[in-house]
Amino acid sequence: MSQPTEAPLETSKVDIFLQELAAIQQAGSKRVAILGSRHVPITHQQLIELMTYALVMAGNTVLTSGATGTNSAVIRGALKANSNLLTVILPQSLSRQPRESQEQLDQVMHLVENADNDALSLAEASALCNQEIISRCQQLICFAFHDSHTLLQTCQDAEDQRKIVTLFYFD
């Protein structure tokens, strides 16, 4: 009689596990993208700002976009820690950003505008911007709601590119 055998883990799950283990053990700095919803309570923004501050103080480079809410909190935290370790990639040109965002973005040393996307809708431009951000990072931290389609697709795309993805839900 043969013994029952356990089904082997899928190769992709093993690869992801090994990649996550290597990332945890990696000494030195990483390129961490932090993205999230515009609609974030102030207490959550303060936590995101603090987390970003700690990541930058540890020597990590942080990438984000220029929207209000999560991304604005990321920018505040990184600017307090070390403005040289922050890169902000905009979905469109700076002039297309809300005035309150423009004032904050004036303080960012490494600012990438995507003026070629000005003719696109904000949703289309944001999706392209998020793709550019994840192409430049090693790890993605995302703050979203369960119906945040663009952000959830960005997380899936990052996983498909074998990036480390940490997803926090607000709801």
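The values are calculated or read from the model by the stated rules, or taken from the named source; none is laboratory data. As the structure is a prediction and not an experimental result, all values here were calculated from the model. Every residue, glycine among them, receives a Cβ derived from its backbone with ideal geometry; neighbour counts consider all protein chains shown.
Points to keep in mind about this one:
- Only listed residue being modelled with pLDDT of 90 or more and either under 23 Å from VAL88 (Cα atoms) or of a type outside the set (Lys, Arg) (or both), chosen from PRO41, PRO8, PRO4: PRO41
Yes/no matrix, rows are residues, columns are (1) among the basic types (Lys, Arg); (2) surrounded by 15 or more Cβ atoms within 10 Å (Cβ to Cβ); (3) farther than 22 Å from THR43 by Cα; (4) in contact with a Leu (Cβ under 9 Å, 6 or more places away or on another chain):
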| position | (1), (2), (3), (4) |
| --- | --- |
| ASP106 | no, no, yes, yes |
| ALA115 | no, no, yes, yes |
| HIS149 | no, no, yes, no |
| LEU167 | no, yes, no, yes |
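- All positions within the stretch 134-144 that are in contact with a Leu (Cβ under 8 Å, 6 or more places away or on another chain) and farther than 16 Å from THR52 by Cα: ILE134, ARG136, ALA144
- Filter result (of a type outside the set (Gly, Ala, Ser), closer than 17 Å to SER148 by Cβ and surrounded by 23 or more Cβ atoms within 10 Å (Cβ to Cβ)) within the stretch 40-70: ILE48, THR64, THR70
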